[in-house]
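In what follows, a structure is listed as structure tokens, so that the remarks can point back to it.
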Amino acid sequence: VSFSQKTYAARGQEHEHPLAKQLFANMERKKSNLSVAADVATKAELLLLADKVGPYICVLKTHIDIVEDFDMDLVAQLQALAEKHDFLIFEDRKFADIGNTVKLQYGGGIYRIADWAHFTNCHVIPGEGIIQGLAEVGMPKGRGLLLLAEMSSKGMLATGAYTDKNVEMAVKNEFVVGFIGSRRFTEDRDLITMTPGIGLHASGDALGQQYRTPETIVTKNGSDIIIVGRGIYGPGKDVAAEAQRYRDAGWAAYEKRLAK
Ligand code: 5FU
């Protein structure tokens, strides 16, 4: 049986990686495969958004370097909200340098990402050393890495042999728990796919973003988690209502897949 035909609960029970176990259990508890992409510019906005969408998400995705008044108190408050609402945190950092440099960027600097983000991600452009560098920092802390096997934007260059290389590297590196991409990539380990570029209505934006529906991505392509940003908090939107709507759509798409 393909992993996409199994329940999140069963996959959690069988998974070898404690963080993946934790994620699947969380998804089952909350009946949610929704991650919200919290691309907002201030601490207050980020905390308010996290508090509003918290009940409906399994993962909060951050771009912490967007927040103009960042401080460590933001991290403490985000962690408290993660506890309150039962979600995990994914810092969408997209590391892309040599192993030694990403180690410093991941573990240190102003943001100390490895101290609070359950998941982060990287491009494998520099070769496998990037995974090793990040693993040296993240593994002892029980973190997990996603490889950018594909992107959602128009004209993106992560295709064909490059995508295949991502899959190859993921399969043999324990620290890797999954991918950013549009589909299920392999049956080799139960690697999780998270998909950005999800929208129920819009088809894209003026800067190359392309949107697909939960049905295409989850039911048809076998991806595990939908990542939604502006579809939930765009101008004039009722954030909690939209989060609930996307949570329901994502979960319905998953149930439809199981019933296939
Ligand atoms: F890796 C990727 C990708 O391929 N596409 C993306 O859109 C990441 N993203 C992120 O997902 C992007 O940086 C935003 O944080 C989010 C999408 O936001 P939207 O408002 O739903 O378009």
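Only the coordinates and a few stated rules stand behind these numbers; no lab work does. Since this is a predicted model, take the numbers as computed values, not measurements. A quick note on method: Cβ atoms are made from the backbone with ideal geometry, for glycine too, and the neighbour counts reach across all protein chains shown.
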Next on the checklist: Please report the spacing between the Cα centers of the range 78-156 and the range 1-59 in Å, no decimals.
Outcome noted: 16
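Could you list Thr216, Thr163, Thr193 so that the one with the fewest beta carbons within 10 Å of its beta carbon is first and the one with the most is last?
Result, fewest neighbours first: Thr216, Thr163, Thr193.
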Checklist entry - Amide H of Arg93: which non-local residues (sequence gap of 5 or more, or other chain) have their own amide H closer than 5 Å, using H built in the peptide plane? => result Asn121
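Hey, what did the chain get for relative contact order, percent, Cα under 8 Å, at least 6 apart?
18
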Item to check | Longest DSSP-loop-exposure-free segment, GluC sites (Glu not before Pro), the chain, at most 10 other Cβ within 10 Å | outcome: 69-260
Item to check | MRE, 222 nm, helices only [DSSP H, n ≥ 4, -39500 (n - 2.57), over the chain, to nearest 500] | outcome: -12000 deg cm²/dmol
Checklist entry - Taking springs between alpha-carbon atoms closer than 10 angstrom, which of Ala41, Ala206, Ala82 fluctuates most in the Gaussian network model of the chain? => result Ala206
Checklist entry - Mind checking which of Asn33, Asn221, Asn166 has the largest fluctuation in a GNM of the chain, springs on alpha carbons under 10 Å? => result Asn221
Item to check | Built amide H within the under 5 Å cut-off of Gly178, gap 5+ | outcome: Leu145, Leu147, Ile192
Checklist entry - Sorting Lys52, Lys31 on the 10 Å Cβ count, fewest up front, what's the list? => result Lys31, Lys52
Checklist outcome for this item: In the structure shown, of Lys220/Lys256; Lys21/Lys141; Lys52/Lys220; Lys43/Lys141, the pairs separated by more than 20 angstrom at the C-alpha atoms are Lys52/Lys220; Lys43/Lys141
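For the range 1-125, compute Rh as the Kirkwood radius over C-alpha pairs and then the Stokes-Einstein diffusion coefficient at 4 °C and 1.567 mPa s; write the answer in µm²/s, rounded to an integer.
84
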Checklist entry - Fewest to most neighbouring Cβ within 10 Å: what's the order for Asp92, Asp224? => result Asp92, Asp224
Checklist entry - Ordered by residue, what ³J(HN,Hα) values in Hz, to whole numbers, does the range 10-26 give under the Karplus form 6.51 cos²θ - 1.76 cosθ + 1.60, where θ = phi - 60° and Gly and Pro are x? => result 5, 5, x, 5, 8, 5, 8, 9, x, 5, 5, 4, 4, 5, 4, 4, 4
Checklist entry - Local charge sum around Thr163 (other residues, Cβ-Cβ under 11 Å, Lys/Arg +1, Asp/Glu -1)? => result -1
Checklist outcome for this item: With a ≥ b ≥ c from the Cα gyration tensor eigenvalues, square-rooted, and the rule rounded for a/c under 1.5, otherwise prolate when a/b > b/c and oblate otherwise, the chain is rounded
